[in-house]
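Taken together, the values in this text are just the output of simple stated rules run on the coordinates, not laboratory data. Keep in mind the model is a prediction, meaning the values are calculated, not measured. Don't worry about glycine lacking a Cβ; one is built from the backbone with ideal geometry, like all the others, and counts go over all protein chains shown.
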Amino acid sequence: AAPRLRALVRRLRTEAPAAHLSLLCHSYGSVVCGRAAPGLDADDIALVGSPGTGADSAAALHTRARIWAARGSEDWVAHVPHMRADLFGATVGFGADPVSAAFGARVFDAADAGHSGYFTPGSAALAHLARITLDDPSEATRG
């Protein structure tokens with residue numbers, strides 16, 4: 001899916017070169033966004049309910065986009081081991097936890113969102129995602 005996401009972003013940039021482009025990446029979609037990120041011409045990438053991106057840090061995503069991350073206190077993905085290991089020729093796991101300080105994303109408050117609650121109308125998570133998408137992120141980090 002990463003090559004198709006890159007192609008979509010290129011097409012959006014061609015159609016609206018001055019538009020603010022944010023990718024909202026939920027759950028396994030954050031893995032897709034992480035794999036698509038190198039060189040991706042997006043302004044913001046927001047990772048919510050993420051098991052990881054395949055990268056060990058926001059810098060390792062190799063994108064000019066601002067990297068955001070959030071996880072609600074009721075999200076079961078917090079219990080997924082955030083690691084990556086090469087075992088018998090296969091890579092297992094999705095790397096560092098995007099909400100950890102070591103990852104280096106801009107962390108925003110998702111309050112008590114469960115895994116499927118980030119886009120619930122009236123939720124803190126949705127309010128912050130809207131601010132990021134509208135290029136008004138100053139309030140997003142104040143959670």
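In table form, for the structure just shown:
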read-out	value
Interchain or long-range residues, amide H under 5 Å from Arg106's placed H	Ile67, Trp68, Ala69
Whole-Hz ³J(HN,Hα) from phi, Karplus 6.51 cos²θ - 1.76 cosθ + 1.60, for the stretch 105-121, glycine and proline x	7, 7, 8, 10, 7, 10, 6, 9, 4, x, 4, 9, x, 5, 10, 6, x
Net charge of neighbours whose Cβ lies under 10 Å from the Cβ of Phe103, counting Lys and Arg as +1 and Asp and Glu as -1	-2
J(HN,Hα) series, the stretch 94-102, from Karplus relation 6.51 cos²θ - 1.76 cosθ + 1.60, nearest Hz, glycine and proline x	10, x, 4, 6, x, 8, 6, 4, 5
In Hz, Karplus ³J(HN,Hα) per residue of the stretch 51-67 (6.51, -1.76, 1.60; θ = phi - 60°; x = Gly, Pro)	x, x, 10, x, 10, 8, 7, 4, 4, 6, 6, 6, 9, 7, 5, 6, 9
Range in the chain, longest, excluding exposed chymotrypsin sites (Phe, Trp or Tyr not before Pro) [loop by DSSP; at most 16 other beta-carbon atoms within 10 Å]	29-87
Approximate spin-label separation Asp136-Phe88, in nm, with each point projected 7 Å along Cα-to-Cβ	5.3
Global form of the chain, assessed from the alpha-carbon gyration tensor, a/c cut-off 1.5	oblate
Distance between modelled label sites at Asp112 and Ala78, nm, 7 Å Cα→Cβ extension	1.2
Long-range HN-HN contacts of Leu21 with modeled amide H, under 5 Å	Asp43, Asp44
